[in-house]
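Inspection log for the structure reproduced underneath, given as structure tokens.
The values are calculated or read from the model by the stated rules, or taken from the named source; none is laboratory data. Note that the structure is a prediction, hence the values are computed from the model and not measured. Don't worry about glycine lacking a Cβ; one is built from the backbone with ideal geometry, like all the others, and counts go over all protein chains shown. The accessibility values were calculated without ligands, DNA or RNA, using every heavy atom of the protein model including side chains. Shrake-Rupley method; radii C 1.70, N 1.55, O 1.52, S 1.80 Å.
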Amino acid sequence: MHQERKKEIWMLQTKRADFNSLAERLGVSPVSVRIMRNRDLETEEEMRKYLYGTVDELYDGNLMKDMEKAVRILMEKIKDRARIRIIGDYDIDGVCATYLLLTGLKRAARDVWKEGSQEWIDYEIPDRIKDGYGINASIIRQAAEDGVDTIITCDNGIAAFNEIALAKELGMTVIVTDHHEVPVDAEGKQIVPLADAVVNPKQADDNYPFSEICGAVVAYKLIRELYRAVGISDREWNELLEFAAIATVGDVMKLKDENRIIVKYGLRRIAVTKNLGLRKLVEKTGLDITALSAYHIGFVIGPCLNAGGRLQTAKLALKLLLSQDESEADKMAEELKALNDLRKDMTKQGEDEAFSQVEALYEQDKVLVVYLPDCHESLAGIIAGRVRERFHKPSIVLTRGEEMVKGSGRSIEQYHMYQGLTKVSDLLPKFGGHPMAAGLSIEECNIEEFRRRLNEDAELTEEDF
């Protein structure tokens with residue numbers, strides 16, 4: 001018999017402000033002003049942007065460290081027709097970021113060369129099972145064999161020290177675009193790979209005003225600066241906004257500051273999208289494309305785009321977005337919808353097993369570590385999220401991979417998961433992530449030690465749960 005659920009504790013915030021006066025000036029109710037104040041919006045200007053912000057208020061991408069350098073390198077490579085390969089990732093953020101870079105680079109190259117096709121610009125997305133997260137040595141070596149001159153990563157690369165060093169040894173130019181936490185050394189100082197340019201707003205010496213953007217938004221900002229360098233209008237750049245919006249919701253970024261603007265106007269763009277694959281996918285899910293909300297992206301469209309990378313290949317989702325053929329797009333959209341239906345059934349099975357394991361063995365732990373050896377490793381993150389929701393604790397779900405155990409974690413506001421993993425990094429051959437989510441690899445024999453030390457190091461109280 002599992003323990004009785006913990007009592008819910010509601011905390012009413014009473015941050016002070018002149019609610020009535022602000023409400024009158026902003027044209028909303030005092031309750032809306034109170035809500036915004038409780039969401040840490042302090043000034044009238046911040047509240048006005050939250051309510052009425054436009055795309056003109058998006059931040060200048062050149063404020064990001066190395067952005068100008070990255071654009072300068074790409075301009076040189078395009079002019080030289082150097083072979084460029086984009087290395088993305090298999091989730092919705094990685095797929096959208098890859099789409100944005102591929103579309104933007106080819107468009108810029110077409111403007112420079114006045115040609116319709118640029119076969120020397122291509123992409124690679126790692127296989128979740130075979131390759132794991134992000135760029136790896138085999139992808140680097142294959143690029144060298146294919147005569148690739150320049151690699152540009154998106155939604156990955158910030159922790160790929162050895163892989164990028166190998167690419168440099170093999171004579172390639174490397175540009176990293178990412179949004180994940182920047183690794184730190186023993187003294188807590190940030191360290192980045194020795195790439196030719198590293199564009200990531202989470203760098204300590206970065207001047208970008210808002211670091212909580214997804215990888216696709218970093219790519220989106222890079223394409224804007226590239227378009228400007230070539231002389232392509234902002235109108236064409238704005239037409240790509242929907243993919244930055246889909247990734248922002250799908251990668252669970254906070255809908256505040258410029259993320260809120262991107263999603264607000266991105267949803268409007270989806271209603272009139274010219275992207276055949278996206279229209280087909282919305283059609284297959286039975287939604288009205290003119291009335292989509294962030295909910296529909298997060299819980300219907302996003303999971304379908306993610307399903308390829310989970311159970312088959314993320315290239316399926318990317319090919320759908322790139323498709324120009326109606327029957328082909330229709331078939332791929334149907335396949336992604338079917339894969340997502342299968343994923344839901346498999347997730348329910350893993351979820352039930354995880355709940356039972358916690359209730360029987362680990363409900364007193366501060367950080368929940370669940371091992372589901374037979375669960376499909378691509379579902380670990382979803383199940384970890386469900387475990388966190390059920391027990392209100394940081395949760396990590398481990399599954400048996402081809403070479404070692406792999407895991408995915410989801411956290412609560414009071415626990416910085418990436419920093420928590422840093423404390424036990426000697427047990428983890430590979431890990432990375434955010435305060436609220438992370439991925440890792442571990443030897444099976446170290447799981448119990450991993451669980452024990454995570455819980456010993458976790459400075460969490462009952463109130464935190």
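Listed residues 216, 204, 247; which is under 17 Å from residue 434 (Cβ atoms) and free of Cβ contacts under 8 Å to residues at least 24 places away in the same chain?
Testing whether each residue is under 17 Å from residue 434 (Cβ atoms) and free of Cβ contacts under 8 Å to residues at least 24 places away in the same chain leaves just 204.
Working only within the stretch 50-90, note down all residues that are of a type outside the set (A, V, I, L, M), assigned to a helix (DSSP H, G or I) and open to solvent by 40 Å² or more (accessible area, probe 1.4 Å).
Listed by number, the residues that qualify are 52, 56, 57, 62, 68, 69, 72, 76, 79, 80.
Can you tell me which residue is surrounded by the most Cβ atoms within 10 Å (Cβ to Cβ) among those in the stretch 152-180 that are within 22 Å of residue 430 (Cα to Cα) and of a type in the set (Val, Ile, Thr)?
It comes out as 153.
Out of the residues in the stretch 396-439 that are polar (S, T, N, Q), touching a helix residue (DSSP H, G or I) at 6+ places or on another chain (Cβ under 9 Å) and open to solvent by 10 Å² or more (accessible area, probe 1.4 Å), which is modelled with the highest pLDDT? Reasoning before the result, please.
Residues of the stretch 396-439 polar (S, T, N, Q): 399, 408, 411, 414, 419, 422, 425.
In the following step, the residues that additionally are touching a helix residue (DSSP H, G or I) at 6+ places or on another chain (Cβ under 9 Å) were identified as 399, 408, 411, 414.
Remaining after also requiring open to solvent by 10 Å² or more (accessible area, probe 1.4 Å): 408, 414.
On the way: 408: 95, 414: 92.
Result: 408.
Of the residues that sit in the stretch 341-362 and are closer than 27 Å to residue 456 by Cβ and among the charged types (D, E, K, R), which one is farthest from the chain's Cα centre (by Cα)?
Only one residue fits best here, namely 359.
Which of (1) at pLDDT 95 or above; (2) touching a helix residue (DSSP H, G or I) at 6+ places or on another chain (Cβ under 8 Å); (3) surrounded by fewer than 18 Cβ atoms within 10 Å (Cβ to Cβ) is the odd one out, the single condition residue 190 does not satisfy?
Of the numbered conditions (1) at pLDDT 95 or above; (2) touching a helix residue (DSSP H, G or I) at 6+ places or on another chain (Cβ under 8 Å); (3) surrounded by fewer than 18 Cβ atoms within 10 Å (Cβ to Cβ), the odd one out for residue 190 is (2).
Determine, yes or no, whether residue 264 is open to solvent by 50 Å² or more (accessible area, probe 1.4 Å), outside any loop (DSSP other than H, G, I, E, B) and basic (Lys, Arg).
So residue 264 fits the description; yes.
Inside the stretch 423-440, can you point out the residues that are among the hydrophobic types (A, V, I, L, M, F, W, C) and part of a loop (DSSP other than H, G, I, E, B)?
424, 428, 436, listed by residue number.
Can you tell me which of (1) outside any loop (DSSP other than H, G, I, E, B); (2) modelled with pLDDT under 95 is the one residue 95 doesn't meet?
Checking residue 95 against (1) outside any loop (DSSP other than H, G, I, E, B); (2) modelled with pLDDT under 95, the one that fails is (2).
Which residues, taken from the stretch 157-177, are touching a Pro at 6+ places or on another chain (Cβ under 8 Å) and outside any helix (DSSP H, G or I)?
Matches in the stretch 157-177: 157, 158, 159, 160, 174, 176.
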